[in-house]
Amino acid sequence: MRDLSELCCQNCSCPDYGKRGLGNLRWGAWSGKGKKLRMALCKTCRRSFSERKGTPLFGSHLPEKEAVSILRHLADGCGIRQTGRLVGHTKDTVNRYAKKAGSHAQTLHDEVVAFSPGDDRGAVRREVGLRA
Ligand SMILES: [Zn+2]
């Protein structure tokens, strides 16, 4: 089971949106097929969300272990068809997870890059008289 400190409120209008470790979350009811997913409740905005919301596994119908296995094979450089053969799913399923993970990674990249400091190595090199 996932630790609550790994999660944050997913309601973008909540003052605690995206902030981890504030103690504003508690576990709620179970959800999903077979009631295998937990719902987290935000005490600040009183909204609930799936523990998978905000992850590439949100909306996934596969058990977490199988979905993660697909993503690990892809991350290790296996192709779509090869991954499908190795994990026992069709290439269409593997493709779907690759697209979900790709768009999730793109969003994460854009957020991280937006807060990254600028690269001023060229300016520093020019100041000390080196070619940039
Ligand atoms: Zn909230």
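The values are calculated or read from the model by the stated rules, or taken from the named source; none is laboratory data. Small disclaimer: the values here were computed from a predicted structure and weren't measured. Reconstructed Cβ throughout: ideal geometry from the backbone, glycine too, with neighbour counts over all protein chains shown. Please note that ligands, DNA and RNA were not included when accessible areas were found on the heavy atoms of the full protein model with its side chains. Shrake-Rupley method; radii C 1.70, N 1.55, O 1.52, S 1.80 Å.
The HN-Hα couplings worked out from phi for the range 56-72 by the Karplus form 6.51 cos²θ - 1.76 cosθ + 1.60 (θ = phi - 60°) are x, 8, 5, x, 6, 9, 8, x, 4, 4, 6, 5, 5, 4, 4, 5, 5 Hz, whole numbers, x standing for Gly and Pro.
Take Val94, Val87, Val112 and sort them by solvent-accessible surface of the protein heavy atoms, 1.4 Å probe, largest at the top.
On the way: Val94 0, Val87 35, Val112 85 Å².
Correct descending sequence by accessible area is Val112, Val87, Val94.
Between the range 66-125 and the range 32-53, the alpha-carbon centres lie 25 Å apart. Taking 4.7 Å between C-beta atoms as the pairing limit, the chain has these partnerless cysteines: Cys8, Cys12, Cys78.
A full extension of the chain between Lys43 and His104 corresponds to an added length of 19.3 nm, given 0.36 nm per residue minus the alpha carbon distance.
Surface composition of the chain: carbon plus sulfur atoms hold 52% of the accessible area, using a 1.4 angstrom probe and ignoring ligands, DNA and RNA. Computed from the Cβ-Cβ distance with R0 of 35 Å, the FRET efficiency linking Glu6 to Asp120 stands at 0.55. Springs join every pair of Cα atoms under 10 Å in this Gaussian network model of the chain, and among Ala114, Ala101, Ala75 the largest mean-square fluctuation is at Ala114. Kindly state, to the nearest 0.05, the FRET efficiency for Ala29 paired with Asp92, given R0 = 41 Å and r defined as their beta-carbon distance. For Ala29 and Asp92, the calculated efficiency is 0.80. For the pair His61 and Lys36, the difference between a 0.36 nm per residue extended length and the Cα-Cα distance amounts to 7.9 nm. Here the simple spin-label model places points 7 Å from the Cα toward Cβ, and for Arg85 and Tyr17 these points are separated by 4.6 nm. Heavy atoms of the protein chains alone define the surface here; on that basis the chain has 72 Å² accessible area per residue at 1.4 Å probe size. Taking the Cα atoms of the range 8-54, the ratio Rg/Rh between the radius of gyration and the Kirkwood radius comes to 0.97. Comparing Pro63, Pro117, Pro15 in a Gaussian network model of the chain where C-alpha atoms under 10 Å apart are linked, the largest mean-square fluctuation is found at Pro117. Taking a straight Cα-Cα cut-off under 18 Å and skipping sequence neighbours fewer than 8 places away in the same chain, the lysines within cross-link reach of Lys33 are Lys53, Lys65.
Per-residue ellipticity at 222 nm from helix content only, as computed over the chain with -39500 (n - 2.57) for each DSSP H run of at least four residues, stands at -12000 deg cm²/dmol.
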